[in-house]
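One structure is given below, encoded as structure tokens.
Any read-out appearing in this document is the output of simple, stated calculations on the displayed coordinates, not a laboratory observation. Source: prediction; values computed, not measured. All Cβ positions, glycine included, derive from the backbone under ideal geometry; neighbour counts span all protein chains shown.
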2 protein chains.
Amino acid sequence: MSKILVFGHQNPDTDAIGAAIAFAYLQNTLREEDVEAVALGTPSEETQYALDHFGLKAPRVISTVKDETTNVMLVDHNEFQQSAADIAEANILAVVDHHRIANFETANPLYYRAEPVGCTSTIILKLYKEEQVAIPEPIAGIMLSAIISDTLLFKSPTCTPADIVAAKELAEICETDYQAYGLEMLKAGTNLSDKPASVLLDLDAKSFPMGEKNIRIGQINTVDLKEVFDRQAELEAAMVVENEKHGYDLFVLIVTNILDSDSELLVVGESKEKVEAAFNISLENNRALLKGVVSRKKQVVPQLTAAFS
Amino acid sequence: MSKILVFGHQNPDTDAIGAAIAFAYLQNTLREEDVEAVALGTPSEETQYALDHFGLKAPRVISTVKDETTNVMLVDHNEFQQSAADIAEANILAVVDHHRIANFETANPLYYRAEPVGCTSTIILKLYKEEQVAIPEPIAGIMLSAIISDTLLFKSPTCTPADIVAAKELAEICETDYQAYGLEMLKAGTNLSDKPASVLLDLDAKSFPMGEKNIRIGQINTVDLKEVFDRQAELEAAMVVENEKHGYDLFVLIVTNILDSDSELLVVGESKEKVEAAFNISLENNRALLKGVVSRKKQVVPQLTAAFS
């Protein structure tokens, strides 16, 4: 069999990169074929901080598969629209993921490992143990970083007890104080001041059809809400442009303070009344504080979906 | 959470029924909720023989889910057209399977465990070991039966080393001579004489679009090819009726001798030349012997697909 490429989703986060590195290393110890971790984009500043901290190189960036090989393994995603451009033509040998399954199809039986936990790297730790493969320190470090990133240091409601146990085990292997390191790593991803508003809106944004409306929901992590909202006028202007350009009816920007685990919304478009109803809030100056909200998947999308349908 | 139903595919075989019973038992030991194995059809004679042999009751037959619960777990299938009629509305908590993934989608993250092995019950044995749950003798017996059925007593090319190891381990637990028992069980499924030709054609049949053609491929297991071909005229007449009724261009019936692992084809429709080319054979009286062929999935469908496209 020819070379095997392993990669996470487009616009990769720390789990997409870390899980690819960790799963490729595991597969290389188990298989004769050459297995290479690659990525569908460059690392974010948070991910680059983690890679540098543990002395790892960023995976090579690819966008298509077929010029190199037909054999791939996916981590941290399965939906084809989040994957390589020509994924439908590839032979998918394995998937390790923690998301819902949708827009995914194979011609042949495959290895598929999914669990409803907070991070793909939590599942990959299990696979190392099942195969009794020792985890090198740098790889334990990037897996720990992925869990910290996906769970916001265990504060996200997507975090499960299995993620916390896994993170502590990985922290021992790489001899890392996960609280201190985790906060530094998350802060490294909050360097927003040098980025134009249009980039901030697109750092981590997804589109959702809800009822008759097409809704865009972006999220920014920060350690200082004020620093972000000092640029409110610039952000709102960019949100208007995005709505017009892509046909979004509504843009909801979630600005999350990773230190105290609250988020402030900034809302541009229609209908604001439904956003207010969804969270039982009143928007003032297009803004509202949501205490204890940090997860788009669990604390924002379902509430908006209910209000708009 | 309300009750959880576990089931295999429509037109269930021994793995669809056995894996449901085995996975439901495992889940009942791990969860607080009531987990019930059910089936999307009545057992075949082979499966009923296995259930009787190990003192198990056939699972209750259902066709839809929503009147009872919203929570389900699937074994031995994932494609919605093979599942409960209202599967798209159910909340799928878990899947354990050994097929390709297609026409499958969930709203939420789930537990998904697939491996490219010969039988779902081989994977379920692994899950019992991971959870350190002891397998009761009757459940080991029906899991052993499922592996024997799916692999035709290890003779099918779909059989992997993992299936053989699993079967031997299960045979020890249920204190069964798997060779002698396996042959008796497979023979129990070959009682064809009391069934009309239309029933034989539909015992295990699937449709495949190939190129411009719509092709139906049925399979019958027997210990006596002659007994089946004594009814050739009756079978051909029924195949003509099926082709006309459902718009099949071609009906290929694979009659498999499970004792010597050969199959004889019976072919009605067009184009016979392409069938001859696919297997490098000459049909005589619409028939041809295929030495060593027992698997539709691996030894018939790919060859016909290549010839027709």
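For the rotation carrying A onto B, the chain A residue whose Cβ lies nearest the axis, with the distance in whole Å, reads A:Y112, 3.
Peptide A:102-110 has a mean of 5 when you count, residue by residue, the C-beta atoms of other protein chains within 10 Å of its C-beta. Note on A:Y111/B:D260: beta-carbon distance plugged into 1/(1 + (r/R0)^6) with R0 of 30 Å gives a FRET efficiency of 0.35.
Considering only DSSP states other than H, G, I, E and B, which GluC sites (Glu not before Pro) in segment B:135-227 qualify as loop sites with at most 11 other Cβ atoms within 10 Å?
For GluC sites (Glu not before Pro) across segment B:135-227 that sit outside H, G, I, E and B with at most 11 neighbouring Cβ atoms in 10 Å, the list reads B:E175, B:E212.
Tell me which aspartates and glutamates have Cα within less than 13 Å of B:K57's Cα, excluding those fewer than 8 residues away on the same chain? By straight Cα distance, B:K57 reaches B:E36. About its Cα centre, the dipole of segment B:4-188 is roughly 260 debye, where the only charges are +1 on Lys and Arg Cβ and -1 on Asp and Glu Cβ. Among the DSSP helices (H) of chain B, those spanning at least 18 angstrom by Cα along their long axis with an average Kyte-Doolittle hydropathy of -1.0 or more are B:14-30, B:137-151, B:161-173, B:232-246; this is a geometric and hydropathy rule only. Scattering from segment A:1-140 was approximated by placing one identical point on each alpha carbon and applying the Debye formula without solvent; log10 I(q)/I(0) at 0.10, 0.11, 0.18, 0.22 1/Å stands at -0.29, -0.35, -1.00, -1.55. Computed packing ranks the peptides B:145-151, A:161-167, A:242-248, B:274-280 as B:145-151, A:161-167, B:274-280, A:242-248, most packed first, by mean other Cβ atoms within 10 Å.
Distances between equivalent label points of A:P136 across the copies, with each point positioned 7 Å along Cα→Cβ, amount to 4.9 nm, shortest listed first.
Each helix, a run of at least 4 DSSP H residues, gives -39500 (n - 2.57); summed and divided by the residues of the protein assembly as shown, these come to -11500 deg cm²/dmol at 222 nm. Segment A:130-203 and segment A:32-46 have Cα centres separated by 17 Å.
Taking all Cα pairs closer than 8 Å and separated by 6 or more residues, the relative contact order of segment B:1-50 comes to 48 percent.
Mean per-residue shielding of peptide A:92-98 is 2, counting Cβ atoms of other chains within 10 Å of each Cβ. For segment A:189-309, lysine pairs with C-alpha atoms less than 17 angstrom apart, excluding pairs fewer than eight positions apart on the same chain, total 8. The smallest convex shape that holds all Cα atoms of chain B, its convex hull, gives 134 Å³ per residue. Across the options B:V241, B:I258, B:S198, the greatest Cα extent toward the positive end of the charge dipole of segment B:197-308 (unit charges at beta carbon of Lys, Arg, Asp, Glu) belongs to B:I258. Per residue, the convex hull spanned by the Cα atoms of the protein assembly as shown measures out at 171 cubic angstrom. Take every pair of alpha-carbon atoms less than 8 Å apart whose residues are at least six positions apart; their mean separation over the length of chain A yields a relative contact order of 13 percent. Here the Debye sum runs over all C-alpha atoms of segment B:197-308 as equal scatterers in vacuum, and log10 of I(q)/I(0) at q = 0.21 Å⁻¹ comes out as -1.19.
What percent does the relative contact order of segment A:4-188 come to when contacts are Cα pairs within less than 8 Å and at least six residues apart?
22
Here segment A:234-284 and segment B:260-309 have alpha carbon centers that stand 61 Å from each other. The phi-based Karplus calculation (6.51 cos²θ - 1.76 cosθ + 1.60; θ = phi - 60°) puts the 3J(HN,Hα) values of segment B:104-113 at 9, 7, 10, 8, 10, x, 8, 8, 9, 10 Hz, whole numbers, x for Gly and Pro.
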